[in-house]
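Colleague: First the structure, which I've put down as C-alpha cells, then a few questions once you've had a look.
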Amino acid sequence: MLLDERRIVITGAARGIGLAVAGTCLAEGARVLLTDVDAEALAAAADGLSAGRDRLRAAALDVTDRAGIAAALSRIEDWDGLDGIVNNAAMLDISRAADVSDDRWSRVLDVNLTGALRVTQAALPLLRRSASPAIVNTLSTQAFFGVPKSAAYATAKGGLYMLTRSMAVDFGSEGIRVNAVAPGFIDTRMALMEDGMHEHEQEDFRTHYIDAGRIPLRRPGKPEDCAGAFVFLLSDLSLYITGQSICVDGGLSATY
Ligand SMILES: NC(=O)c1ccc[n+]([C@@H]2O[C@H](COP(=O)([O-])OP(=O)(O)OC[C@H]3O[C@@H](n4cnc5c(N)ncnc54)[C@H](O)[C@@H]3O)[C@@H](O)[C@H]2O)c1
C-alpha cells in the first residue's frame, strides 16, 4: 500500500474533498487524524468511514485557534510523530474587491491562508520525527486565474500557492516536501449557491463550462477525483517533487 502506517493529519475533513482524501489515505494503509471545526459533522464523518477504522482518530480543530490546534494534536501523542499534513480547511467568500469589508477580508485570509501556516507550525516538531515527511496544501485554480466576486478567496489561495513554495524552500534541507493540489469545480457543499442551488446544476454553468468545452472532460469533479493527487504527493512516489502544485480540474486550466 502507498501509505502503509503513515501518520497523517487532515484539516477541514468532515466532508467534501478532505473527507475523500481521508478515505483514500485509510484505504492506502495510513493512520489518519480527521479534523474539522464542525464537531458534529466530524463525528458523523468518522462514523461513516469504513476502511481502516482502527487507524482513524478524530478531533475538533479550528485552524484559527492555536490552542485548539495543539489540543487536537495532543490526541496523537502516542503516534510519536507525523508523516503528513493536509492543509485543506477553507471557507468560501463571494465578494467583489470593491465591496469586501475589512472584517470579511481578514477572516477569509485568516482561515484559508494563515490557518495552513498555523497548523504547519504546530505540527512541525512532529513532522521532523518522520523519515519521509510531506505537506500538501489545498489550493484552487483560483490561485492562478481571476474570476468575478472572489477577491478575498482567490487572494488567499494565491497566497497559499506562494506559501507552498516558501515552505518548500525553507524546509527542503530537512527533507520535508511541500506541495499543493488545486481543484477546479468539484461537487461539494462549497459549490452550493446562496439560493441553495448547486452551482454546477445551473444553466449558465452548463453552457459556459461544459457545453463550450472550458472543462475539456465535460463534467464537474467529485471529491474522490481529487484524492489520488493528494495520496501521490504524500507518498514516496513523489520523493523528488517539492514546491509544486497539481491542478485537478478536468482540464479547466489547460484552456481559456
Ligand atoms: N469544491 C470546489 O469546487 C473547490 C474548488 C477549489 C478548491 N477547493 C478547496 O478544497 C478544500 C475543501 O473544500 P470542499 O470543497 O471540500 O468544501 P467543504 O465546504 O465541503 O469543506 C470545507 C471544510 O472546511 C471546514 N472548515 C471551515 N472553516 C474551518 C476552520 N476555521 N477550521 C477548520 N475547518 C474549517 C468546514 O467545516 C468544512 O468541513 C478547500 O480548501 C477549498 O477551498 C474546493
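Colleague: Out of the residues in segment 17-37 that are part of a helix (DSSP H, G or I) and surrounded by 24 or more Cβ atoms within 10 Å (Cβ to Cβ), which is nearest to the ligand (Cβ to nearest atom)?
Modeller: Among those residues, the one meeting the criterion is ILE17.
Colleague: Would you mention how many residues in segment 65-84 are out of contact with any Asp or Glu (no Cβ under 6 Å at 6 or more places or on another chain), part of a helix (DSSP H, G or I) and without any contact (Cβ under 8 Å) to a residue 12 or more places away in the chain? Break it down into steps so the answer makes sense when it comes.
Modeller: Of segment 65-84, the ones out of contact with any Asp or Glu (no Cβ under 6 Å at 6 or more places or on another chain) are 65-67, 69-84.
Restricting the remaining residues to those that are part of a helix (DSSP H, G or I) gives 66-67, 69-79.
Retained after the next criterion (residues that are without any contact (Cβ under 8 Å) to a residue 12 or more places away in the chain): 67, 74, 77-78.
Result for segment 65-84: 4.
Colleague: Let me ask you something else. Counting only residues that are out of contact with any Asp or Glu (no Cβ under 6 Å at 6 or more places or on another chain) and either of a type in the set (Lys, Arg) or free of Cβ contacts under 8 Å to residues at least 40 places away in the same chain (or both), which one in segment 173-192 is surrounded by the fewest Cβ atoms within 10 Å (Cβ to Cβ)?
Modeller: Among residues in segment 173-192 that are out of contact with any Asp or Glu (no Cβ under 6 Å at 6 or more places or on another chain) and either of a type in the set (Lys, Arg) or free of Cβ contacts under 8 Å to residues at least 40 places away in the same chain (or both), the one surrounded by the fewest Cβ atoms within 10 Å (Cβ to Cβ) is SER173.
Colleague: Here is a further query. Examine segment 38-47 for a residue that is within 19 Å of the chain's Cα centre (by Cα), among the aliphatic types (A, V, I, L, M) and away from the ligand (no atom under 16 Å from the Cβ), and state whether such a residue exists.
Modeller: Checked against the condition, which is being within 19 Å of the chain's Cα centre (by Cα), among the aliphatic types (A, V, I, L, M) and away from the ligand (no atom under 16 Å from the Cβ), segment 38-47 yields no hits at all.
Colleague: Of all the residues that make up segment 119-164, how many are assigned to a helix (DSSP H, G or I) and within 20 Å of LEU109 (Cβ to Cβ)? Steps first, answer last, please.
Modeller: Here is the first cut: in segment 119-164, the ones assigned to a helix (DSSP H, G or I) are 119-127, 141-143, 151-164.
Among the residues that remain, those that are also within 20 Å of LEU109 (Cβ to Cβ) are: 119-122, 141-143, 151-164.
Residues flagged as assigned to a helix (DSSP H, G or I) and within 20 Å of LEU109 (Cβ to Cβ) within segment 119-164 amount to 21.
Colleague: Does ALA89 count as under 17 Å from GLY228 (Cα atoms), part of a loop (DSSP other than H, G, I, E, B), within 16 Å of the ligand (Cβ to nearest atom) and within 19 Å of the chain's Cα centre (by Cα)?
Modeller: Taking the combined requirement at face value, the residue does not satisfy it.
Colleague: For segment 120-132, state whether one or more residues are within 15 Å of the ligand (Cβ to nearest atom) and farther than 26 Å from ALA22 by Cβ.
Modeller: no
Colleague: Tell me whether segment 165-177 contains one or more residues that are at pLDDT 95 or above, within 27 Å of CYS25 (Cβ to Cβ) and assigned to a loop (DSSP other than H, G, I, E, B).
Modeller: yes
Colleague: May I ask you to verify whether THR141 is within 24 Å of GLY251 (Cβ to Cβ), among the hydroxyl-bearing types (Ser, Thr, Tyr) and touching a strand residue (DSSP E or B) at 6+ places or on another chain (Cβ under 7 Å)?
Modeller: When the stated conditions are applied, THR141 passes them.
Colleague: Which numbered condition in (1) more than 16 Å from the ligand (Cβ to nearest atom); (2) touching a strand residue (DSSP E or B) at 6+ places or on another chain (Cβ under 8 Å) is the only one that ASN179 fails?
Modeller: Only one criterion in (1) more than 16 Å from the ligand (Cβ to nearest atom); (2) touching a strand residue (DSSP E or B) at 6+ places or on another chain (Cβ under 8 Å) is unmet by ASN179, namely (1).
Colleague: Let me ask another. Starting from segment 205-225, take each residue that is over 26 Å from LEU19 (Cα atoms) and list its partners that are within 16 Å of the ligand (Cβ to nearest atom) and outside any loop (DSSP other than H, G, I, E, B), counting only C-beta distances under 6 angstrom and pairs at least six apart or across chains.
Modeller: Partner pairs satisfying both residue conditions: none exist.
Colleague: Looking at segment 77-95, which of its residues are surrounded by fewer than 21 Cβ atoms within 10 Å (Cβ to Cβ) and either touching a Cys at 6+ places or on another chain (Cβ under 7 Å) or not aromatic (Phe, Trp, Tyr) (or both)?
Modeller: Within segment 77-95, GLU77, ASP78, ASP80, GLY81, MET91, LEU92, ILE94, SER95 meet the criteria.
Colleague: If you check every pair at least six apart or on different chains, which have Cβ atoms under 7 Å apart with a residue in segment 1-20 that is of a type in the set (Val, Ile, Thr) first and a residue that is in a loop (DSSP other than H, G, I, E, B) and within 7 Å of the ligand (Cβ to nearest atom) second?
Modeller: ILE10/ASN88; THR11/LEU61; THR11/VAL63; THR11/ASN88; THR11/ALA89; ILE17/ASN88; ILE17/THR188
The values are calculated or read from the model by the stated rules, or taken from the named source; none is laboratory data. Note that the structure is predicted; figures quoted are calculated from it, not measured. Every residue, glycine as well, gets a Cβ built from its backbone with ideal geometry; the counts of neighbours run over all protein chains shown.
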